[in-house]
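Below you'll find the structure, written out as structure tokens, and then a few comments.
The values are calculated or read from the model by the stated rules, or taken from the named source; none is laboratory data. If you're wondering where the values come from, they're calculated on a predicted model, not measured in any experiment. FYI the Cβ positions are ideal-geometry reconstructions off the backbone, even for glycines, and counts take in every protein chain you see. Ligands, DNA and RNA are stripped out before the accessible areas are found, and what is left, the full protein with its side chains, is counted by its heavy atoms. Shrake-Rupley method; radii C 1.70, N 1.55, O 1.52, S 1.80 Å.
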Amino acid sequence: MDYKKIIAERINEIIGMDVEELYKIIEVPPKKDMGDFALPCFQFAKVLRKAPNAIAEDISKKIDKSGFEKVENLGPYLNFFVDKADFVRETVEKVLNEKDNYGLMKVGEGKKVLIEYSSPNIAKPFHVGHLFGTVLGSSLYKIFSMAGYDCVRINHLGDWGTQFGKLISAYKKWCDEEALYKDPIKELLRIYVKFHKEAEKNPALEDEGRMYFKRLEDGEKEEVELWTKFKDLSLREFKKVYDELGVEFDSYTGESFYSDKLDKIEEELANKGLLTESNGAKVVMLEDYNMPPCIIKKADGASIYATRDLAAAEYRKETYNFDKSIYVVGLEQSLHFKQFLKTLELAGHEWAKDCIHVSYGLVRFAEGKLSTRNGDVIFLEDLLKESVQKTREIIEEKNPELKDKEEVSKKVGIGAVIFTYLKNGRERDIIFDWKEMLSFEGETGPYVQYSYARAKSILRKLGEAKESVDYSKLVSDVEFDLVKQLKNFNDVILHAVDRLEPSVITRYAIEVAKAFNKFYNAYNISNTADEKLKNARLALVEATSIVIKNSLKLIGIDVVEEM
Ligand code: ARG
């Protein structure tokens, strides 16, 4: 039962305004004594030529109140109090029937959404910033899919550019083959750094690097083989991380894929009169839009990041005919996205407006002392390992008897990291603070996971609710508040879709856990003497466990049955 819809339809009968418009106006009031839903009447004043207060009063007299406990006007508002028993039954039964599918909607049916995320650079460390984009994009994929959109996950690997010429040159001079196989990215990074140091003393190295990149672009066998090797080794490492996080992709089409599609872009821009020469480089001037030019080709003829993005955008439109194309990339690339999307628009692609840069902030550490292997770069393996390790210590202390400690520490430890990333608005910087993020109290991953495990432990001890639950028993404020939270799940998902914000789901998971713990602390379920009440409470416990599980799943966290 969609109360908002019912209210909108009944109001429509009285004042004639469009049901969908009305639907959007209906609010959930902040205070209980204002009802469960409210209709502000300000908007109608002009059309109806009456004061909002009088309109609210008028409607309250005329409206069909069936299914509601009462409908009251208070100032310019019309407040609706739902029939509690009906509301509770409808909600809890729906959750229990739909289980894992509770929250699944058809809103996005028939609409294609591309989500590009993670996109690390070959031969470079996968760092904590990439991890932010990885969990953010992966979560958006799950949220959009839940709302019924047809989604494609793309990893736009950074696997092309002059740096690969330098890497080939460095490889030939200094690479230690054994070290390369043992820890590929570390060795590739070592020789790449060495190349830059040496090139300061000996600038001829730069030319050599360019020469090798040219050979790679021309498809020379040896260079292509080396590049493929770097790429395979790096991917192997990246995939370890993805497996650990449960992150997947439908396509790994990275920058190199577009290397033969760049001339077409240059030609297209030239034909449309957008290309200008500037110090030997070819650029699209964007001064009318207060931006520096978008460089298409450098003076030495080398292609560039932006050109590959233009080619990728056109390719994706042709291949997938998307309704929306999302780029989950750090805030620091905002200008790049503005420039290339403006260029796309100037080239006459009206669908440029459907390409969206979903940006995120920086990652910092509170104590500034995450132990790392090499001091300056924070490797994400270290971050994950440390989180799992610390969780293990906490569990060892709190619940030494627990089975599967290893597995539980992993899920809770990694979950805590993901939770921290997705807890606040994505453009805010992330500050990792071990004590805070691993605490079992407060707004943390372990707190929400613990709430789930607690619900499951009640069900293990007392059994699930028996058939024919009497929902009219669940009428206390504490119970009703929890049910209202469970009911909100669909609205919350749609809100997250609208704002492209997984944090909306994370905050919701916290709210559900809080409402559940309040309920848990208020009543001793196993000692509830009234059997019918006890049975109804068990149904509520199970429904809550399902909603916590489903919401954590949307942000990429697995629950544990016990912890
Ligand atoms: N590989 C880039 C980096 O690590 C991110 C790629 C972002 N995606 C894009 N279409 N430009 O900074």
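Quick look at the numbers
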read-out: In order through region 81-86: 3J(HN,Hα) via Karplus (6.51 cos²θ - 1.76 cosθ + 1.60), integer Hz, x for Gly, Pro; value: 10, 6, 6, 4, 4, 4
read-out: Where a label projected 7 Å from the Cα of residue 23 along Cα→Cβ would reach, residues of region 82-103 with amide N under 17 Å; value: 103
read-out: 1.4 Å probe accessible area per residue over region 139-271, in Å²; value: 48 Å²
read-out: Cα-based Rg of region 52-171 normalised by 2.2 N^0.38 Å, two decimals; value: 1.93
read-out: In Hz, Karplus ³J(HN,Hα) per residue of region 547-558 (6.51, -1.76, 1.60; θ = phi - 60°; x = Gly, Pro); value: 5, 5, 4, 5, 6, 5, 4, 5, 9, x, 10, 8
read-out: Modelled FRET efficiency - R0 25 Å, residue 353 with residue 270, Cβ distances, 0.05 increments; value: 0.55
read-out: Relative contact order, percent, region 174-272 [alpha-carbon distance under 8 Å, six or more residues apart]; value: 21 percent
read-out: Unit charges at the beta carbon, dipole of the chain: most positive-side option, 299, 265, 391; value: 391
read-out: Spatial extent of region 376-509: Rg and Dmax, with the Cα atoms as the point set, Å; value: 17.8, 61
read-out: Relative contact order (percent, whole number), the chain, Cα cutoff 8 Å, 6+ residue spacing; value: 15 percent
read-out: Mean separation of Cα contacts under 8 Å (6+ apart) over length of region 400-471, as relative contact order %; value: 25 percent
read-out: Carbon plus sulfur fraction of accessible area for the chain, probe 1.4 Å, in percent; value: 47 percent
read-out: Vicinal HN-Hα couplings computed from phi for region 497-511 (Karplus, 6.51 cos²θ - 1.76 cosθ + 1.60; Hz; Gly/Pro x); value: 5, 4, 8, 6, 9, x, 4, 4, 6, 4, 4, 5, 4, 5, 4
read-out: Point-charge dipole on Cβ atoms (K/R +1, D/E -1) for region 491-536, about Cα centre, debye to 20; value: 160 debye
read-out: DSSP beta bridges in the chain [antiparallel fraction, %, rounded to 5]; value: 55 percent
read-out: Gyration tensor (alpha-carbon) shape descriptor, the chain, a/c threshold 1.5; value: oblate
read-out: Dipole magnitude of the chain, debye to nearest 20 (Cβ charges: Lys/Arg +1, Asp/Glu -1, about Cα centre); value: 920 debye
read-out: Distance violations [Cα-Cα > 20 Å] among 186/405; 4/84; 461/534; 297/342; value: 186/405
read-out: Scattering curve values for region 461-563, log₁₀ I(q)/I(0), Debye with Cα scatterers, q = 0.13, 0.18, 0.21 Å⁻¹; value: -0.50, -0.88, -1.10
read-out: Size of region 39-94 as Cα extents on the principal axes (Å, biggest first); value: 43, 18, 16
read-out: For residue 365, distant residues with modelled amide H under 5 Å away; value: 432
read-out: Burial order of peptide ranges 154-161, 404-411 (average beta-carbon count within 10 Å, highest first); value: 154-161, 404-411
read-out: Filtered trypsin sites (Lys or Arg not before Pro), region 93-154: DSSP coil and at most 12 other beta carbons within 10 Å; value: 106
read-out: Cα gyration tensor, region 289-373 - rounded (a/c under 1.5), prolate or oblate; value: prolate
read-out: Square roots of 5 times each gyration tensor eigenvalue, C-alpha, region 406-477, largest first, Å; value: 32, 17, 10
read-out: Inter-probe distance in nm under a simple model that places probes 7 Å from Cα toward Cβ, at residue 179 and residue 5; value: 6.4 nm
read-out: Theoretical gain in end-to-end length, residue 366 to residue 220 [0.36 nm per residue, Cα-Cα removed]; value: 47.7 nm
read-out: Under-5 Å amide H pairs with residue 74, H placed in peptide plane, nonlocal only; value: 79
read-out: Most positive-pole-ward Cα, 337, 242, 446, against dipole of the chain from beta carbon charges; value: 446
read-out: For the chain, with +1 on Lys and Arg beta carbons and -1 on Asp and Glu, the positive-most of 497, 120, 458 along the dipole; value: 458
read-out: Dimensionless Rg/Rh of region 169-234 - Kirkwood Rh, Rg from C-alpha atoms; value: 0.97
read-out: Solvent-accessible surface (1.4 angstrom probe) belonging to residue 127, in square angstrom, nearest 10; value: 70 Å²
read-out: Other-chain or far-sequence residues with amide H under 5 Å of residue 148's (modelled H); value: 105, 108
read-out: Projected label distance in nm at residue 382 and residue 495, using a 7 Å step from Cα toward the beta-carbon; value: 3.8 nm
